[in-house]
């Protein structure tokens, strides 16, 4: 018997529904999400649970068992809240396509905050540290200090492993509970900067360490810190990242300085639900690593995934995670990993969908959103929440102000997209367009009071005009700083 | 389609921010191509409408500059390049129009603050990298980027606010 989903909400019916209702509801749902009708990857992930719900509810015995046991579970177990807000509740039918935004938010159970159950989550943490030649000097020193502080922070039952890599990987600390802190620190101190950068070697060794204690009750997390480009081994690294994502390991990447491959590290983090950070000075390493590890110790639910299945006539265009760490999400997979849900935080993601022209008036569904995750303190860890989003199609023009949260997110997201488009234009070789986009970005940043970033955009616009290219530093600054604008408006607070 | 009031880019319906220039397309900001001008008593007699004035600047025209809170307007015949700023005995370059008598020092006007350039039949204004910036009709200018100056425009150098009017004819200075 499965208790990790609610068959009634899968089919969108009440617990008192008759067998005929169940049948009718299943046909409605199948029409919306069956792969024969709906090619969206999100729909494919929905249909399995919908069918399972249908089969369970048709079987009278199973349905009775489910009802009885579910009631008991609901009283003792935690859940998370899942809200989806539309940019418009009333949509006017038009003879052209139109865009609609949906803000999906996952919040921890309010009861869990007060309860005595609350405790620090147990960590299974692996640090993969670059000790190539370029890390020489302050950089490696700061990394060591940061690693020491992390060792100090760890609880006795937390599991830590540290792998260092250059052209090859070396296990500095084997995965185990943190007992003799002084000895572990001494081993970290012996790292010296030498050799080149080959990420795959280190990554694989780190994953091996993490896998030793990999368990659903733990926060299994790998942090990769590098300052250089890796050559030729991107493909195996990303495919390994995809594998470990299914095993329940999240990977966060930190790039130090200017010379690392941001797209590559972004990809690793995105497929596993981790985050990417840009640290432009060696001094920032300590704070970034510590903050990150601290956030892992306060987890309510792990391996949270969002899934969105738009109705057959509606297109999902893009997805962007706003909180806790802003980054673009990939919409090619049915389940989108978004990382861990902390006790006092929210996970929020913004989706952009396109509605077709000539919609029929009336109420209609637009998409089904689901959020799944493992609630660490629950007996039955897996939890799934469903949100079927509907809008009213009507000619009436109502003074329907879009939700402030969506507007605010979009005002910042637009800036991120502007720099993204400038870079895309550059990749196409369209220098004129790139310059124009950067200048527009700069103007907009000034109006929003982000003077430093505006100057950077302006400087990069000139750089592009002269050299047909962005500077490495400018490119990363614009990308990660416009991203971090999404964090409650303060650009400098979270970026070193 | 939704036309951006700032850059005239055609956005898809449903967008809240222009894809091209990033300006807000809906709500309060949507129609505000220019902020409503505020005229003080002295300049009020010149206020005919809040729409854009002409950009045409004839051969013999003059600029009349009404600095807010100043008793007398400044009249000047623009050269190819006219630098507005604040004269300082220690600075090498003297601005073409010294705003010191109008409280430039207290109002944060830079020594070389902004420049009015004369083109064939138009004027442009650009910020010269001033410390406190130059605003044209409430919008901050990007340094070194010229913008067209029109009859009736409001310029702000630091905290010094002035209105620009074009005066035709060859009246003596």
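Please treat every number below as a calculation from the coordinates, not as lab data. No experiment lies behind these values; they were computed from the predicted model shown. Cβ sites come from the backbone with ideal geometry, for glycine too, and all protein chains shown count toward neighbours.
Between residue A:452 and residue B:71, how high is the FRET efficiency from 1/(1 + (r/R0)^6) when r is the Cβ-Cβ distance and R₀ = 51 Å? Nearest 0.05.
0.80
Can you tell me the relative contact order of chain A? Whole percent, Cα pairs under 8 Å, sequence separation 6 or more.
Result for chain A is 17 percent.
Taking a point 7 angstrom from the Cα of residue A:185 along the C-beta vector, which residues in region A:142-165 have backbone N less than 19 Å away?
Zone members listed by number: A:142-163.
Packing-wise, with mean Cβ within 10 Å as the measure, how do A:420-427, A:64-71 rank, highest first?
Ranking the peptides A:420-427, A:64-71 by packing returns A:420-427, A:64-71.
If you count the DSSP beta bridges with both ends in chain A, what percent of them are antiparallel, to the nearest 5?
Taking every DSSP beta bridge within chain A, about 70 percent pair in antiparallel fashion.
Run the simple label-point estimate for residue B:10 and residue A:211 please: 7 Å along Cα→C-beta, distance reported in nm.
Going from the residue B:10 label point to the residue A:211 one covers 5.5 nm.
Answer rounded, prolate or oblate for the protein assembly as shown, using the Cα gyration tensor with square roots of eigenvalues a ≥ b ≥ c: rounded when a/c is under 1.5, else prolate when a/b is larger than b/c, else oblate.
oblate
Sequence gap at least 6, Cα distance under 8 Å: using those rules, report the relative contact order of region A:1-88 to the nearest whole percent.
Reported relative contact order: 30 percent.
Return A:191, A:135, A:254 ranked ascending by Cβ neighbour count within 10 Å, so the fewest neighbours appear first.
Fewest-to-most Cβ neighbours within 10 Å comes out as A:191, A:254, A:135.
How much mean residue ellipticity at 222 nm does the protein assembly as shown get from its helices, if each DSSP H run of length 4 or more adds -39500 (n - 2.57) and you divide by all residues, to the nearest 500 deg cm²/dmol?
It comes out at -10000 deg cm²/dmol, rounded to the nearest 500.
State the extension gain, in nm to one decimal, for the chain segment bounded by residue A:157 and residue A:243, taking 0.36 nm per residue of separation less the distance between their alpha-carbons.
That works out to 28.3 nm of additional length.
Can you pull the mean other chain C-beta count within 10 Å for peptide A:449-457?
Mean shielding by partner chains, rounded to a whole number: 1.
Each label point is 7 Å from the Cα along the Cα-to-Cβ direction; what then is the distance between the points at residue B:135 and residue B:167, in nm?
Result for the modelled spin labels: 2.7 nm.
State, to one decimal in nm, how far the label point of residue A:315 lies from the label point of residue A:59, with both points 7 Å from Cα in the Cβ direction.
With each label point 7 Å from Cα toward Cβ, the separation is 4.2 nm.
With the radius of gyration and the Kirkwood radius both derived from the Cα set of region A:123-296, what is their ratio Rg to Rh?
Ratio of gyration radius to Kirkwood radius for region A:123-296: 0.92.
Calculate the FRET efficiency for residue A:382 and residue A:469 from the Cβ-Cβ distance with a Förster distance of 35 Å, rounded to the nearest 0.05.
0.15
Report the full-extension gain for the segment residue A:229 to residue A:390: residue separation times 0.36 nm, less the Cα-Cα distance, to one decimal in nm.
Roughly 53.4 nm would be gained on extension.
Calculate the FRET efficiency for residue A:430 and residue A:343 from the Cβ-Cβ distance with a Förster distance of 41 Å, rounded to the nearest 0.05.
0.30
Going by C-beta contacts inside 10 Å, put A:438, A:350 in order with the fewest on the left.
The most exposed by this proxy come first: A:350, A:438.
Suppose a student asked you for the relative contact order of region A:123-296, using Cα pairs under 8 Å spaced at least 6 residues apart; what percent would you report?
Once normalised by length, the contact order is 25 percent.
Using a 10 Å cut-off on Cβ to Cβ distances, tally the other chain neighbours for every residue of A:91-98 and report the average as a whole number.
Partner Cβ neighbours, averaged per residue: 2.
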